[in-house]
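Below: the structure, in structure tokens.
The values are calculated or read from the model by the stated rules, or taken from the named source; none is laboratory data. Fair warning: this is a prediction, and the values are worked out from it, not measured in the lab. Reconstructed Cβ throughout: ideal geometry from the backbone, glycine too, with neighbour counts over all protein chains shown. Each accessible area value is taken on the protein alone, full model and side chains, heavy atoms only, with ligands, DNA and RNA left out. Shrake-Rupley method; radii C 1.70, N 1.55, O 1.52, S 1.80 Å.
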Amino acid sequence: MTLDVGVLGYRFMGKAHANAMARLPMFFPDAPAIERSVLVGRNEETLREAADRLGFDSISTDWEAVVDDVDVFYNLGPNHVHPEPSIGALEAGTPVFCEKPLAPTLEEAERMAEAAADAGDDVPAGAAFNYRFVPAIQYAKGLLDAGELGEIRHVRGRYLQDWLVDPEAPWEWRLDEDLAGAGVLGDLGAHTVDLVRFLVGDDDLAGDIERISGHLQTFIDERPVDDGDETRPVTVDDAYSAQLEFTNGAMGTLEATRYATGHKNDHTIEIHGSEGSLRFSLERLNELEVLRDGDRGYETILVTDEDDPYLDHWWPPGHVLGWEHTFVHENYEFLSAVADGRSFAPNFDDGLAAQRVLAAIEESDERGEWVTLG
């Protein structure tokens, strides 16, 4: 059976996922056959050009008509477009894959998760946390699950970028609360929160996040519009930091910013346990640094061997992968789940769990005190 795929959105994430779909049959021959059937957007002329470039058979400006006609629906639009098309697809019984954060607000994320629950496990609803599918992160998860780090005591996650350091950098939708919901907190923080939950969220590791103290900051209040002399206000956060307390007593710190001069896309995770530690940086995504009990320093492991996660599908040992390969792995897992009629993780419940943490960080910043997650 060939799955007809409809995709809403054709810019950054649209290109990333279309590229992944094109590579699936080359490198994952056991992946289900798919047809890039229809590309959805607002402007027909721009849509036609994008559909030709990204390999889609047709275009549509009406997502409501598409969700009934395709076998799988990808929602890769801006954050404010996530709720209604995703809910509409699920109500039609169509599996959905939605970019992160799940929604602009916690209330909308709850509606989306409820729609996914009503659709049932045989209608997968995937949340696009692609960093779970980095081979080194999968390797790290294996070490943690095997208990090699012992009792988890510290968890650190930071995501540093610098594309807004210049005050003349132009305004875009990610800087508008109505369109994005949040700034760096939702855009980058969602990734870090999900990785923390994925890696140490099990009860025998750090467990759930119980309390949060958060701080948000906006550095520049308005920015120039691309094609004119006017400016528009910045209504979201430019940076955030947070302290976490986990169920087992572990401490966590999170941070993200778009103002870290010299950092392009530096997503770093560090986990310290009673018997070892590990650290990972997205800017060196083929490597994992590991310290085990008795070692005098960290060992750098190149996670590119044939028996490492996903690597048997790619190149000979030592030939590194890149950022785009995480989307291939993610699409392989999601589309396989759709074809088999089984559940997929990360799902909308995971997206909602991350959204609750983000909302608690915002609440803590507003109240100036710790917030307990219910």
Determine how large the accessible area of residue 219 is when every protein chain is in place; take a 1.4 Å probe and give Å² rounded to the nearest 10.
-> 110
Lys and Arg at +1, Asp and Glu at -1: add these up for the other residues within a Cβ distance under 9 Å of residue 212 and post the number.
-> -2
Tell me the trypsin sites (Lys or Arg not before Pro) within the range 1-94 that lie in a loop according to DSSP and have at most 14 other beta-carbon atoms within 10 Å.
-> 11, 42
When the chain is treated as a Gaussian network with springs between alpha carbons less than 10 Å apart, the largest mean-square fluctuation among 137, 361, 220 is found at 220
Of the heavy-atom accessible surface of the chain (probe 1.4 angstrom), what whole percent is carbon and sulfur?
-> 43
Sites residue 296 and residue 169 - FRET efficiency at Förster radius 45 Å, r taken between beta-carbons, to 0.05 | 0.50
Reachable lysines from residue 15, Cα under 26 Å, same-chain residues fewer than 8 places away excluded?
-> 100, 264
Separation in nanometres of the label points that stand 7 Å from Cα toward Cβ, at residue 178 and residue 215 | 3.2
Cα centroid distance between the range 259-323 and the range 144-222, in Å?
-> 19
Could you tell me which helices of the chain pass both thresholds, a Cα extent of 18 Å or more along their own axis and a mean Kyte-Doolittle hydropathy of at least -1.0, with helices taken as whole DSSP H runs?
-> 12-27, 106-119, 323-340, 348-367
Linear extension gain, residue 145 paired with residue 203, 0.36 nm per residue minus alpha-carbon span = 19.8 nm
Counting only heavy atoms of the protein chains, get the accessible area per residue of the range 314-374 (1.4 Å probe) and round it to a whole Å² value.
-> 44
Fully extended contour minus Cα-Cα distance, from residue 22 to residue 248, at 0.36 nm per residue | 77.0 nm
By per-residue mean of other Cβ atoms within 10 Å, what is the highest-first order of 189-200, 270-281?
-> 189-200, 270-281
